[in-house]
Amino acid sequence: MKILEVKNLNVWDIHTGRIIVHNTSFKLEEGRCLAIVGESGSGKSVTCRAIMKLNKRSLQQTGEIFLKNEGLHQLSERQMRRKRGKHLYMILQNGMTAFDPSCVIKVHLQETLQTHFDWKEKEIEQKMIQAMESVNLKNAKELMHKYPHQLSGGMLQRIMIALALVLEPDVLIADEPTTALDTISQYEVVEQLMKIRQNMKSAIIFISHDLGIVQKIADEVLVMKDGEVVEQDDTQTIFVNPQHEYTKYLINTRRALSDNFKNVMRESLYC
Amino acid sequence: MLKVNNVDKSYGTNGFFKNNKQRILRNINLECDRGECLGIIGESGSGKSTLGRLLIGVEKPDNGSIEIDGKSIYDRENRKENISAVFQDYRSSINPFFSVEEAILEPLKIYKSNKNLTRLIDQLLIQVGLSPVYRHRYPHELSGGEAQRVCIARAIATEPTFILLDEAISSLDVSIQLQILDLLKALKATYDMGYIFITHDIQAAAYICDRMIIFKDGQIQETIETNNLPNVKSLYAKKLLHNLITF
């Protein structure tokens with residue numbers, strides 16, 4: 001079942017007139033994962049923030065966005081606020097800037113969950129502790145009383161994922177969730193995202209420039225360059241038989257690092 | 001040779017009523033030769049960058065010493081022309097009011113005031129793969145890869161013995177990462193420098209480093225030659241390699 005559809009999305013800067021996203025269209029089926037890859041400035045993040053209607057005011061957008069056949073582009077800011085969180089959920093790259101530094105984590109979680117559910121404080125705490133433990137966060141109760149700066153980037157990422165587990169969104173957008181993380185945290189975050197997909201049938205839009213992770217997690221890949229979609233296909237086809245020169249270039253450069261590493265490891269068990 | 005002997009570092013205060021002291025580095029010992037690239041691999045918060053700051057002399061260790069060719073780097077004269085650095089955030093590494101030329105000139109003015117600097121800047125820009133026309137551009141007119149090349153040009157300008165590369169490629173796009181790694185490899189051979197390559201990306205480290213130090217909670221877990229990487233001993237290093245999602 002089609003859950004999200006973006007039709008002819010255009011985003012431009014009203015001050016400079018620069019087009020940031022040009023005529024982009026794609027669909028997302030229930031329970032599927034679409035990866036958007038491309039280099040910085042290619043329009044990946046702006047596209048996703050346009051779906052959430054969270055781009056800054058100087059960026060204007062046109063085009064149609066349908067979530068379960070409901071036109072998000074026609075909704076007011078107030079109506080859109082009800083959609084964010086429960087229906088459309090976004091995990092941001094930098095956990096430190098995603099949370100308000102002036103209040104403890106628990107305040108964030110309560111504010112978000114009370115917007116969508118009539119749960120009491122204790123109920124929220126219980127559900128969050130359960131979700132946080134399921135994403136391997138120890139001492140969940142203590143963590144909820146900490147400020148963002150007291151936690152590592154990986155921990156904040158996992159708290160955002162735990163909140164997604166409680167909210168059970170229809171579409172989860174993860175904007176480079178693993179870029180700032182070390183290898184071990186990266187692996188854990190990817191495992192958790194795959195768990196969300198299996199357990200909740202949420203559709204995922206996964207923005208990344210790490211092609212290794214994209215290959216592991218995505219069903220389909222959309223390649224963007226200078227604000228335009230240059231290629232879109234299922235993951236296997238993109239990696240085995242890329243058509244566009246730019247896709248070939250992206251894959252080949254990463255392969256050089258990967259192949260060297262595999263040589264070093266002499267195709268040992270770790271690869 | 002760069003030598004780190006029994007270095008400890010803590011932050012915070014040790015008060016009468018309260019002990020807020022947090023130990024970041026414990027008993028660090030390492031060596032790096034000229035012409036060698038030594039990787040320091042670890043997760044965020046493990047103390048890698050603190051070690052980096054100690055190596056370039058902007059902070060002092062609580063105990064222990066850091067020496068280049070037997071002379072302490074905490075004497076500014078010994079540090080001079082011996083070590084420079086390239087950081088992760090290329091945007092904040094260059095003064096936004098400085099043109100490329102002014103940025104590269106800054107260390108040169110201090111260390112090499114008698115040379116023909118105009119010609120030297122052209123040479124440096126060509127060395128890092130930029131055209132000399134870039135000299136009049138400002139940081140906001142440069143892409144990420146170009147800005148990082150300018151930072152590298154500035155770092156090699158004084159012909160240092162060692163360069164600290166603190167997550168120097170982490171903020172760049174994957175395709176640019178490879179270009180910068182190849183550039184660093186070529187420059188190392190040309191200038192016979194040693195690199196301290198701090199990163200959390202093992203694949204990038206395996207591409208450029210001769211040896212790697214696996215770092216966790218401010219302590220060295222293991223030091224291993226890159227071509228011997230499959231035979232790591234410590235549990236943590238094994239987990240790092242096992243959890244790597246290769247492409």
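Only the coordinates and a few stated rules stand behind these numbers; no lab work does. Not measured: the values here are computed from a predicted model. So basically every Cβ, Gly included, is an ideal-geometry build from the backbone, and we count neighbours across all protein chains shown.
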Lys/Arg +1, Asp/Glu -1 at C-beta; the protein assembly as shown dipole; positive extreme among B:Asn82, B:Ala205, A:Met52: A:Met52
Pair B:Val133, A:Asp118: separation of 7 Å Cα→Cβ label points (nm): 6.8 nm
Per-residue average of Cβ from other chains inside 10 Å of A:27-40: 1
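Would you mind getting me the FRET efficiency between A:Gln74 and B:Met1? Use the beta-carbon distance for r and R0 = 51 Å, nearest 0.05. Mind dumping the intermediate values first?
On the way: r = 68 Å, r/R0 = 1.33.
It comes to 0.15.
First select every other residue whose beta carbon is under 13 angstrom from the beta carbon of B:Asn27; then total the charges, Lys and Arg +1, Asp and Glu -1.
Values: positive: B:Lys9, B:Arg23, B:Arg26; negative: B:Asp8, B:Asp62, B:Asp217.
Here the count lands on 0.
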Extension gain, A:Gln60 back to A:His15 (0.36 nm per residue minus Cα-Cα distance, nm): 15.2 nm
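Note down the net charge around B:Ile94, summing +1 for each Lys or Arg and -1 for each Asp or Glu among other residues with Cβ under 15 Å from its Cβ. Before the final figure, lay out the partial values.
Values: positive: B:Arg91, B:Arg135, B:Arg137, B:Arg149, B:Arg154; negative: B:Asp89, B:Glu101, B:Glu102, B:Glu106, B:Glu141, B:Glu146.
Here the count lands on -1.
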In Å, descending, principal axis extents of the Cα set of the range A:48-117: 38, 29, 18
Test item: B:202-210 mean partner chain Cβ contacts at 10 Å: 4
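Compute the semi-axes of the equivalent ellipsoid of chain B, taking the square root of 5 times each eigenvalue of the Cα gyration tensor, and list them largest first in whole Å. Please report the intermediate quantities before stating the final value.
Numbers: eigenvalues 184, 100, 60 Å².
Taking √(5λ) for each eigenvalue gives 30, 22, 17 Å, largest first.
How would you rank B:40-46, A:51-57, B:154-160, highest first, on the average number of other Cβ atoms within 10 Å across their residues? Mind dumping the intermediate values first?
On the way: B:40-46: 22.6, A:51-57: 15.1, B:154-160: 20.4.
The most tightly packed comes first, giving B:40-46, B:154-160, A:51-57.
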FRET efficiency estimate (nearest 0.05) - Cβ-Cβ, B:Tyr74 to B:Phe98, R0 35 angstrom: 0.80
Alpha-carbon radius of gyration plus Dmax, which is the widest Cα pair, for the range B:145-247 in Å: 14.5, 41
Whether chain A is rounded, prolate or oblate, judged on the alpha carbon gyration tensor where a/c under 1.5 counts as rounded: oblate
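Could you give the length gained by full extension between A:Ser102 and A:His22, i.e. 0.36 nm per residue of separation minus their alpha carbon distance, to one decimal place? Let's see the in-between values first.
Numbers: separation 80, 0.36 × 80 = 28.80 nm, distance 3.78 nm.
Gain on stretching A:Ser102 to A:His22: 25.0 nm.
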The protein assembly as shown: translational diffusion in µm²/s, Stokes-Einstein, Kirkwood Rh over Cα pairs, 25 °C, 0.890 mPa s: 99 µm²/s
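When a/c is below 1.5 the answer is rounded, else prolate if a/b is larger than b/c, else oblate, so apply that to the range A:154-271 with a ≥ b ≥ c taken from the square roots of the Cα gyration tensor eigenvalues. It would help to have the intermediate numbers written out before the result.
Numbers: a/c = 2.07, a/b = 1.28, b/c = 1.62.
It comes out oblate by the Cα gyration axes.
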Listed residue (A:Ile213, A:Ile173, A:Gly95) projecting farthest to the positive dipole end of chain A, Cβ model: A:Gly95
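What is the packing order of peptides B:221-227, B:168-174, taking the mean over residues of other C-beta atoms within 10 Å and listing the highest first? Kindly include the intermediate steps, with their values, before the conclusion.
Numbers: B:221-227: 16.1, B:168-174: 22.0.
Result, highest mean first: B:168-174, B:221-227.
About the Cα centre, and with charges only on the beta carbon of Lys, Arg (+1) and Asp, Glu (-1), how big is the dipole of chain A? Nearest 20 debye, please. Numbers along the way, then the final one.
Working: 35 positive and 34 negative charges, 109 e Å.
For chain A, the charge dipole is close to 520 debye.
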Highest to lowest packing among A:59-67, A:27-35, scored as the average C-beta count within 10 Å: A:27-35, A:59-67
Dipole in debye (nearest 20) - chain B, about Cα centre, beta carbon charges: Lys, Arg +1; Asp, Glu -1: 500 debye
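Which whole number gives the average count of other chain Cβ atoms within 10 Å of the Cβ atoms across peptide A:202-215? If you can, show how the numbers build up before the last one.
Details: counts 0, 0, 0, 0, 0, 0, 1, 5, 4, 3, 6, 2, 2, 3.
That works out to 2 on average.
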Dipole magnitude (debye, nearest 20) for the range B:90-159, charges at Cβ of Lys, Arg, Asp, Glu: 120 debye
Reach of B:Lys71 by Cα under 19 Å, taken over lysines that are not fewer than 8 positions away in the same chain: B:Lys3, B:Lys60, B:Lys80
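Expected output is a single nm value to one decimal: the length gained when fully extending between B:Glu67 and B:Ser44, i.e. 0.36 nm times separation in residues minus the C-alpha distance. What is it? Can you show the working numbers first?
Values: separation 23, 0.36 × 23 = 8.28 nm, distance 2.62 nm.
Using 0.36 nm per residue and subtracting the Cα-Cα distance, I get 5.7 nm.
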